[in-house]
Every structure is written in structure tokens, then in C-alpha cells.
């Protein structure tokens, strides 16, 4: 029975690129190597936000999502670089090609990280650890970048493991070591536990996985709602989520944070024109059409609103997206408002997903 159980265990690898955007910039620009690089919005004017920072910059306390002005205060000699998303996407595709040599069960989480199920790998290597080593080596040899890998029997543990020996790390947590590993893990490291929940847990005297294990499933649910039942499972190392290579796209969009507040409708409409082009291009790339257009507006005081409008037929053309977004903005605009961010997204792709299923049944190639 025990042997049969072991044979049913999945072999999951989580690959996470090291300081991805910054590493690509240092690879492509010799003058950036060994220096503190900050990729993100500019620090001039009101300032943008850090997308990522090189490890040289992280030594000064610079982190993702930090205001660029704060990053400059922490490291006055940091080099600020505008992101080149087209380049990062191209490199991401090259990384995906390396993954596909070993498995088709690849679930990308973003441009720089993904889950791989190698329970039955294409090359019959059999060892998830060996596959992770080969993938890391290929990324280094072919792309001159480094990646960290976590290897375990489920997605949650593999993701946590990949962060342990960064950068250029590899960590394996086998079935016999999971329970002890989870008990020592700080609560803020648990998947789905944000800042607010972590603070609530600590006020309850819950600081580690071992503390969480003392609560029954009903107690977890009472204190943390639906998520409590999930915490109850993962604190015991139980995660039955499959790697989903064809995960359904819920929405697609783009947004921009501006160096200075926008105060007139004309300024905002001009920015919506640019954002809509990005959205239309992404929809065309993935052959998607959506029924619902959503406008996102963030004001200078960080108050945020969303407005949406649905159409009878799915759309993807630039003219329709732009017109709908501008109409939504017009109906919510008030004189004197200062806007720091605008975004447009499309969702409600139901008809497209249905068509994909029909195509599959008739032998045609799926879009995803």
C-alpha cells in the first residue's frame, strides 16, 4: 500500500527567475553589471514604482512595488531603467521552450515563474531534481540568466522551496520532510496569507505553521472564513491543485501610472488612446474577444474606482475598446479630480472559450 501511494505522488518543480527584469538589463548592458539597477517608473516628478531590482540594489533594502522616490533615498547611486516588456516577453518564451523539452504540463504564473509537472517527463529522466538541474543549466548556458528551483510533491511546497536558496538556488523538500518544514514556516510565508491576515494571526499568538496546526478546521474557518479551510490543508502540506497548462484567461488589459497627475479630460483621453492600443494588441496576439470593458481609475489620494460596460457581441477592435473606455471615463469624470493611473481591461470571454472547446472536438488547434 505504501509503495502504491508513493507511485501516485506528483513530481512538481517551481522555477522562479532571479531578479528577472534587472538580470536581463544587466545581461544586455555591460555598464549595468555589478551595479544597483532599479527597473520601473522614473523617480522624477511624483515618481513611479519599482518593478524589480538587481541583487546589488536589494542590499540597500529596495524591493518590488516600492515607490521609486523611496528607492532613490535608500540608494542614491542606483541606476533607474525603464522596463522593456517586449524584450522580457521574448526571453520568457525562450525559457518556456526550455521547459517544453521536459514536459507539456507547464503553468506560467507570470513572465518569470512557472510550475512544471514532471511526474512523467518526456525524456524519461525520472528524477525531478535532475530535471531541475538541467533546466537551470540550460537557462544559464543559452540565455545567460539564472533561475532558482523548488522541487516537491505539490505546488505549494515547491513554490516555497524555490525561494529558500535564492539566487541560483535549488531546494528539494521530499514527503518525509514536509511536515517539519511546514511547522517551522512563518505564517506570512503561507500562500494566501497577506499582511493583514498575518497580523491577525500574530495577535492570536499564531506565528508559525506549528501554531496554526493547533487549530481545528472549524476554528480556522471561524477565524479566517473560507480561506481558513485552505490554510488548514496547506499547513499539513496538503495541496491537490494540478498544474494547469490551459488555465482559463479571466481578463486581459493594461494600465499606466503617470509621472504627473492628469487633471483634464483631454489629457486622460490621450492616455486612454495609448493604453487601448496595448490592450488591442494583446487581444489580437491571443485571439481573444471580450464582452465586458472595464475602466480603472486611481486618483492622487490613491482612491480607486472601476466602471464597466458589457456589449451583446464580443469585441477586440481598437475603435470599440477606446470608445467604450472614454465613455466610461466621461460619465464618472468630475472637474478638479487628479488622476495618477488609468487602466483598461476586457473580460467575459465565454464565447471564445466555448469556440475553443468546439474546435478541439473537430480536431482543430486550440488557441491556448
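Determine, at each q value in 0.07, 0.15 (inverse angstroms), the log₁₀ of I(q)/I(0) that the Debye formula gives when each Cα of the chain is one equal point scatterer.
Calculated log10 I(q)/I(0) at the listed q: -0.39, -1.49.
Suppose only helical runs count, i.e. DSSP H with n ≥ 4. What mean residue ellipticity at 222 nm does that imply for the chain under -39500 (n - 2.57) per run, divided by all residues and rounded to the nearest 500 deg cm²/dmol?
-12500 deg cm²/dmol
Return one number: the angle in degrees, 0 to 90 and rounded to the nearest 10, between the long axis of the Cα atoms of helix 350-361 and the longest principal axis of the Cα atoms of the chain.
Once rounded, one gets 50 degrees.
Answer rounded, prolate or oblate for the range 180-234, using the Cα gyration tensor with square roots of eigenvalues a ≥ b ≥ c: rounded when a/c is under 1.5, else prolate when a/b is larger than b/c, else oblate. Intermediate values should be presented prior to the final figure.
On the way: a/c = 1.37, a/b = 1.13, b/c = 1.21.
Rounded, because the longest to shortest axis ratio a/c is under 1.5.
Please work out the FRET efficiency for the pair residue 222 and residue 199, using the Cβ-Cβ distance as r and a Förster radius of 25 Å; give the result to the nearest 0.05. Kindly include the intermediate steps, with their values, before the conclusion.
Details: r = 18 Å, r/R0 = 0.72.
Taking R0 as 25 Å, the efficiency between residue 222 and residue 199 is 0.90.
Could you tell me the center-to-center distance, by alpha carbons, between the range 145-216 and the range 52-96 in angstrom?
Centre-to-centre distance over Cα atoms comes out at 25 Å.
Is the shape of the range 251-358 best called rounded, prolate or oblate, per the rule: a/c under 1.5 gives rounded, else a/b larger than b/c gives prolate, else oblate, with a ≥ b ≥ c the square roots of the Cα gyration tensor eigenvalues?
The shape class here is prolate.
Once the Cα atoms of helix 318-332 and of the chain are each reduced to a long axis, what angle between those two axes, in degrees from 0 to 90 to the nearest 10, is obtained?
So the helix axis and the longest Cα principal axis differ by about 80 degrees.
Provide the three semi-axes, in whole Å and in decreasing order, of the ellipsoid equivalent to the range 169-260 as defined by the square roots of 5 times the Cα gyration tensor eigenvalues.
For the range 169-260, the ellipsoid semi-axes come out as 28, 20, 16 Å.
Between residue 250 and residue 63, what's the calculated FRET efficiency when r is the beta-carbon distance and R0 is 30 Å? Round to 0.05.
Calculated value: 0.65.
Among rounded, prolate and oblate, which fits the range 102-177 when a ≥ b ≥ c are the square roots of the eigenvalues of its C-alpha gyration tensor, a/c under 1.5 means rounded, and a/b larger than b/c means prolate? If you can, show how the numbers build up before the last one.
Working: a/c = 1.39, a/b = 1.10, b/c = 1.26.
Since a/c stays below 1.5, the shape of the range 102-177 is classed as rounded.
Anyone know which of 203, 159, 35 comes out most mobile in the 10 Å Cα GNM of the chain?
203
Would you calculate the separation in nanometres between label points at residue 278 and residue 130, each defined as 7 Å from the Cα along the Cα-to-beta-carbon direction?
4.4
Just so you know, all these numbers are worked out from the coordinates, no wet-lab data involved. The structure displayed is predicted, hence computed values, not measured ones. All Cβ positions, glycine included, derive from the backbone under ideal geometry; neighbour counts span all protein chains shown.
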